[in-house]
Amino acid sequence: MNVYKSLLEDLREGRVILTSKAGNKVNGMTIGWGFFGIIWEEEYFISAMRPQRFTWRLVKESKRFTLNFLSEEYREALNYFGRVSGYQENKFEKGLLHLDELEGFTAPIKEAHTLIECSVTFASNVEPFVLPVEIIDKFYKDHGFHTLFFGKIEKVLQR
């Protein structure tokens, strides 16, 4: 199977946790939105995060994030990381997933089958005045518009 097709399926099915670390603070959140592509002659992953998220703050401070692709057997952890706020608790202390120490990765998860390390080179806020009303009504009733973080892919590890 095409590697990107498999990774996009993980993303579509909510089997990706984006992690970041700034100072001694680390957090992760389950994501289902993002883009792989080529920009500025480099490979990128563009992640959509709301400024209200604790992970957003860590990515803004560190300018780095790790994409952790997990299998369905970790559904309980994926749901937990998507539901609980890093402002409220350290999600890794629950023990559903564990941080690893790998050279070249900011906050890799041991259980991930694929890791992608990204450095942020650019960010842009979603501007509501260009969005169709149907999208605003469906996804942005609270007007918590996303920031798009452009992460240059620096390292990929499949295990």
Binned at 5 Å from zero, the C-alpha pair distances of the chain give percents of 2, 9, 19, 23, 22, 15, 8, 3, 1
The range 1-136 accessible area per residue, 1.4 Å probe, protein heavy atoms, integer Å², reads 54 Å²
Note on the range 1-83: the mean projected area of its alpha-carbon convex hull, in nm², is 6.1 nm²
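I'd like the carbon and sulfur percentage of the solvent accessible area for the range 17-140, probe radius 1.4 Å, heavy atoms only, ligands and nucleic acids excluded.
Answer for the range 17-140 is 51 percent, counting heavy atoms of protein chains only.
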Taking 60-71, 89-100 and ranking on average Cβ neighbours within 10 Å, highest first, one gets 60-71, 89-100
Distance in Å, no decimals, from the C-alpha centre of the range 102-123 to the one of the range 49-78 is 10 Å
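Is there a pair in Lys60/Lys94; Lys94/Lys138; Lys60/Lys141; Lys63/Lys155; Lys110/Lys138; Lys60/Lys155 whose C-alpha atoms are over 27 Å apart, and which pairs would that be?
Exceeds cut-off: Lys94/Lys138; Lys110/Lys138.
The values are calculated or read from the model by the stated rules, or taken from the named source; none is laboratory data. Bear in mind that the values here come from a model prediction, so they are computed numbers and not experimental data. Cβ: placed from backbone, ideal geometry, glycine included. Neighbour counts: every protein chain shown. The accessibility values were calculated without ligands, DNA or RNA, using every heavy atom of the protein model including side chains. Shrake-Rupley method; radii C 1.70, N 1.55, O 1.52, S 1.80 Å.
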